[in-house]
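Right, one structure below, let's go through it.
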Amino acid sequence: MSRRFIIEPRGLAPWWLKLLIPIASVIAALIIGAFFLMLTGNDWAEVYTKMLDTAFGSGRGFAETLVSATPLILTGVAAAIAFRMLVWNIGGEGQLMFGAIVAAGVGVWLTESTPAFIAIIAVILAGAVGGAFWASLAAVPKVYLGTNEIITTLMLNFIALNLMNYLVFGSFSPWRDPESTQFPQGRPIIENAGVPEFFHRLDWGLFVAIVVAVIAWFVISKTRSGFEYRIVGDSFDTARYVGIKVPKKVLGTFLASGAAAGLAGSILVAGILGKMDPRSLDLGLGFTGIIVAALARLNPIAIIPVAILMGALNNAGPALQSIGVPSATVKILQGAILIFAVAGEFLISNRVRRPDRTPQDIEVEEEAKAA
Amino acid sequence: MSQGAHSQTPPAVELRDMDKSFYGVFANQDVNFSLAVGEVHALLGENGAGKSTLCSVIAGLYRPDSGEMFIDGAPTVFKSPKDALAAGVGMVYQHFRLVSNLTVAENLALGNPEVSMRLSQKELEEEAREIGEKYDFPVDPSARIWQLSVGQQQRVEILKLLYRDARILILDEPTAVLTPLEGEALFRTMRVLADEGRSLIFISHKLHEVKQVSDRVTVLREGRVVGLVETADAEPRDLARMMVGKDLELPTRDPNESIGDPTLVVEDLVVQGDRGLTAVNSLSITVNAGEVVGIAGVSGNGQRELAQGIVGLMKVTGGSVNLEGTDVTSMSVLQRIKRGIAYVPQSRLGMGLAPGLTTEDNLALKQYRGPPYSHGPLLSAGAFESRGAELIEEFDIRGVRPGLPIRLLSGGNLQKALIAREVVQDHCLLIARSPTRGLDVGATSTVRDQILAERDRGIAVLLISEDLDELLALSDRLMVIYEGEIVGEMPASEATAERLGLLMSGSSEEQPA
C-alpha cells in the first residue's frame, strides 16, 4: 500500500506560503490566458506587453490604474470585513449605488456657496450613510428575524440599480440634469464638492480608500472591539459565552461593510464622475470587490495591492481593442486568478508529502526557509 | 477459546506494522494487532493512545500510511467504510451516524444495496423487529431516531451492522453514553454476538468493563502496542500500569471541613429547552463556599439548561438565581461573569474556546476588557504574549506555537487552557460540566486537582457530570438530576454507584431499609 504522495492537513502554514500562493495564482492565470490567446490566433506576448504598458507604462496609465483601483479597495474592504464574520454581504453593488444616490443628492442639494471643505466631507459621508442604510435593509431582518442575507442583499442590488436608473433615465428627478436634452444624464454636483485631482485624473479619493483599509486593519487587530469582532467571527457560541452581544456585533459589522461600499459610490460621484452617472456606476465594482477580498485572504491591508492589480486589468481591457483583442480577455484573466487562488487555499491548509519523508522533516525545512 | 484454535483459523483481522499519522504526528506506529474469530477484544489506552485511529483504519475510514491488513487471512485494502462493510467489517462510532428524522427501519435500510426501492415500509419494519428480537434488542422500528434515548440510538447503530450481517464489529467507547444498567445490557449482547462467532473490538477507558466483557486486551500507549494479555490473567493494576507507564494514583481527597456561607442559591428554576419543552423544572440547589456539589445524571436530563440558565446563556422562565445574596436572574452573561461566575462548558471547542484564535488570545477571552490586556479601547499586544506565556507555563499547556490556532492542541491541553482562564479571573462560583470527559489519566488528575484546589480556596463548585467516578472523587454532596428535577440528594460518603445508577435511570428512591 505504498503511495507516491500523501496529502494531509497541516497545522500551521508558513507565512511565505501564504504570500507565494496568490502570486503563483496570478502567474498560472496568465499562462492559461496566454494559451487562450494563442488558440484564438493572437500573439500573447504582444497582448501582455500592451496590457502592462497601458496599466503601468506611463504616468497617465498608472493614474488610470489607481483610479480603477480606488473603488475596488473600498468594495474589497466591505466584503472582507463582512465575510470574516461570516456575514455574506454580496450587496456591495447595491450599497455602492445607493451610496452614490445619497451622495449625489446631497451634492446637488447643497448651494454653490458651501465651502469646499464642508461640501466634500458632507458628500463623501453621505455615501457612507447611504451604503449603511441600504445594508441595514438586509442586516436588521437578518439579525432579528434570521433571514438569509445572501438572498436579500442580492435582491437589493437590483432595486438599487433600477432606482438609480429611474432617477436619471425614467423621471425628472433632481438627480437628472435638466440641461441634458439629447440623452438623459446625471445633474452635476456643486463644484465645491468635487474632490480635487492631483495626478492626471487621480484624485484624493484614493487616500480615503487606503485610510479606510488601514483603519479596518487597525480596528480588527489592535482594538478591544476588534478582538470581540474576531471572537464572534470565529464562533458565535463562544462569543455569547464570554458575554459579547452577538446580534449587536453582527449588525455593526454589516452596517460598517455597507458604509465602506457606499463610500466607493460617493468617492466616484465626488471624484472622477462629478455626478451620478448610472452607466459608470454599474460596472460590477461590488462583485469585483468580492474577488479582491478573496484574493487578499480577507486581509484589509493586502486588499490594497490586490485592488491595484485588478484595477490594472480593468484599465487595460479597453486598450486591447486597439490591437483587435476583445476587452473581455481581462475578465477571463480575473476569473482564472480567482479560481487558482481559491484552489491554492487547499495548499495552504494541506500539504503534500512523499512517503519517504516524515512530517517532521518538512516542518524543519519550512521553518528554516521562513527564518 | 484455546490458543490452539487461534492458530488453526486465520484471525478475523490482522494488522502488520501499520503506521498512520496526522498533522505530522504518529497516531499509530508499528502496530501489530490480531482479532481472533469469536472473541471480544478490548483496546485499552489513554486518550490519544491511538485506539480510535486503529479502529478507523480497520473500518476503512482511514487508509494507513504503511503496513498490511489481512481479513480472514487475505490481504485487504479498504477504500472506504462502505468497502469495509461489504466485507463484513462495521464500526459504531462515538458520534452516531443516524438520520434523526427517519425511522429506525429507514435508517437500517439506508445505504444498504440489498434493499431495493420497492421494499415496503412494512417489510422493512418487520425485518428490523426480527433482528431486534433475535438479539434481545427491543427497539420500535417505526420510531424516529430523535425520539429515542442515546442508549436506544446506540442499539440502532448495532442493529444497522447486524442487518448488514457484519462479522467484525467495532464499538468505540460504547459505554460512555450509557447508564450502568444500559451498559450491563450491552455487555450481555456483546457476549451473545461473540458466541455466535462474530468478532468484536471494544474500546474503553474503564478497567472494570474491560475485565468484565473481554477475552483479550491489547494495550496501546502513544500510538504503539505495549501489551497483549488474556483478560483472565490480567490484574487491573497491571493493565493500568501498562496504559500510563506508571502506577495510578487516584486523587486523595480530604473532606472539606471549612464549608462557608451559601454562594449560589437557585430556587424553583424553570428553563425551557430548545424544543420548547420544560428542561429544568422547579429545581432548587444551594452551593456553599468551599464545597463541591456534584450533579449526576444521564445526559439530556436538563444539565445543559441548568448550567446555561445559571450563567445567563438561556432564558429563565421561572424561579431565581442568587449569587452571594444578589439576585442575578435578570442580569446579562457579562454582568454575571463580573459578579464572579466562572464556567467550564462541556463543549471545549464549541463554546469554551474560540477554535481559530491562538492560545494566548483564548487565555484572554474573559479578561480582555481591562488591564493588562487592554487600556481604553486599545489592546496591548505585549500583554497577550507575556500573560499568555505565564499561564501556559503555570498550567503546563503543551504544543503551543506562535500563531497556532488553539483547535490544533490535544483535548487535554485544550481543557488545561480553558480551566486556566476560568480560574485566574476573580470568581466565587465555578460551574464545570464533565470537565475530564475525553481526557487521559494524567490530564484527568490535573483537572481534578485543580477543582479540589478551587474548593480549598473557598470557591463554590457546581460539578455537573455524567461520569460517576469523577463525581464520587470530587463531590462533597451529590444530587441526581432526572428529567429536569433533582430526584435524590446525599453526602458523597453515602453514595454508591448502584444507588446513583438507579436514581439516574429514573427509578424512584430506593426502598426504605
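Some notes on this structure:
- Residue by residue along A:219-231, Cβ atoms of other protein chains within 10 Å of the local Cβ number 4 on average.
- Cα-Cα over 25 Å, subset of B:K211/B:K416; B:K51/B:K82; B:K51/B:K160; A:K222/A:K245: B:K211/B:K416
- Furthest towards positive pole of dipole, A:I27, A:A319, A:W88, structure part chain A, Cβ charges: A:W88
- Pairwise centroid distance, computed over Cα atoms, of the range B:206-235 with the range A:287-357, Å: 56 Å
- Relative packing of B:12-22, B:373-383, which averages over residues the other C-beta atoms within 10 Å, highest first: B:12-22, B:373-383
- Inter-part distance where the range A:100-170 and the range A:183-218 are each reduced to a Cα centre, Å: 16 Å
- When peptides A:77-90, B:323-336 are ranked by their average number of other Cβ atoms within 10 Å per residue, the highest-first order is A:77-90, B:323-336.
- Semi-axes of the equivalent ellipsoid for the range A:1-108, Cα gyration tensor, largest first, Å: 35, 28, 14
- Chains A and B together, accessible area buried on both sides, 1.4 angstrom probe, square angstrom: 3200 Å²
- 222 nm mean residue ellipticity, helices alone, for chain B (DSSP H n ≥ 4; -39,500 (n - 2.57); rounded to 500): -9500 deg cm²/dmol
- Proximal aspartates and glutamates to A:K249, defined as alpha-carbon separation beneath 12 angstrom and excluding residues fewer than eight positions away on the same chain: A:E228
- Cα point-scatterer Debye curve for chain A, base-10 log of I(q)/I(0) at q = 0.09 Å⁻¹: -0.58
- Across the range B:3-244, C-alpha contacts under 8 Å between residues 6 or more apart give a mean separation that, scaled by the residue count, equals a relative contact order of 28 percent.
- Shown here is the pair-distance distribution of the range B:3-244: with all Cα-Cα distances grouped in 5 Å bins from zero up to the longest one, the shares run 1, 6, 14, 18, 19, 17, 12, 7, 4, 1, 0, 0 percent.
- Using alpha-carbon coordinates, inclination of helix B:121-134 to the longest axis of chain B, degrees: 90 degrees
- Relative contact order computed over chain B (Cα-Cα under 8 Å; 6+ residues apart), in percent: 14 percent
- Radius, Kirkwood style, for the protein assembly as shown when every pair of distinct Cα atoms is counted (Å): 31.6 Å
- Per residue value of the accessible surface for the range B:453-492 (all protein chains in place, 1.4 Å probe), Å²: 32 Å²
- Among the listed pairs A:K248/B:K338; B:K134/B:K206; A:K18/A:K248, those whose Cα-Cα separation exceeds 23 Å are B:K134/B:K206; A:K18/A:K248.
- Percent breakdown of C-alpha pair distances by 20 Å bin, ordered from the shortest bin, for chain B: 20, 51, 27, 2
- Proximal aspartates and glutamates to B:K315, defined as alpha-carbon separation beneath 17 angstrom and excluding residues fewer than eight positions away on the same chain: A:D237, B:E267, B:D268, B:D274, B:E305, B:D327
- With a 10 Å cut-off around each Cβ of B:364-374, the average count of Cβ atoms from other chains is 3.
- Rounded accessible area of A:F287 (nearest 10 Å², 1.4 Å probe): 90 Å²
- Look at the dipole of the protein assembly as shown built from charges on Cβ: of B:S465, B:T103, A:A296, the Cα furthest out on the positive end belongs to A:A296.
- Overall, the accessible surface of chain A at a probe of 1.4 angstrom is composed of carbon and sulfur to the extent of 68 percent.
- By average C-beta atoms within 10 angstrom, highest first, the peptides A:64-75, A:12-23, B:102-113: A:64-75, B:102-113, A:12-23
- For the range B:358-425, the share of alpha carbon pairs falling in successive 10 Å distance bins from zero is 23, 57, 20, 1 percent.
- Taking a straight Cα-Cα cut-off under 20 Å and skipping sequence neighbours fewer than 8 places away in the same chain, the lysines within cross-link reach of A:K331 are A:K50.
- Per residue, the range B:256-364 exposes 37 Å² of accessible surface when a 1.4 Å probe is rolled over the protein heavy atoms with every protein chain present.
- Helical mean residue ellipticity (222 nm; -39500 (n - 2.57) per DSSP H run of 4+; nearest 500) of chain A: -23000 deg cm²/dmol
- Counting only other chain Cβ atoms within 10 Å of each residue's Cβ, the peptide A:238-249 averages 6.
- The fraction of accessible area contributed by carbon and sulfur in chain B is 49 percent, rounded to a whole number (1.4 Å probe; ligands and nucleic acids excluded).
- Accessible surface, chain A, averaged per residue in Å² (probe 1.4 Å): 46 Å²
- Percentage relative contact order, the range B:302-438, counting C-alpha pairs under 8 Å, at least six apart: 31 percent
The values are calculated or read from the model by the stated rules, or taken from the named source; none is laboratory data. Worth saying up front: this structure is predicted, and the values here are computed from it rather than measured. Neighbour counts are summed over all protein chains in view; Cβ atoms, including those assigned to glycine, are modelled from backbone coordinates with ideal geometry. Protein only, heavy atoms only, side chains kept; ligands, DNA and RNA dropped before computing areas. Shrake-Rupley method; radii C 1.70, N 1.55, O 1.52, S 1.80 Å.
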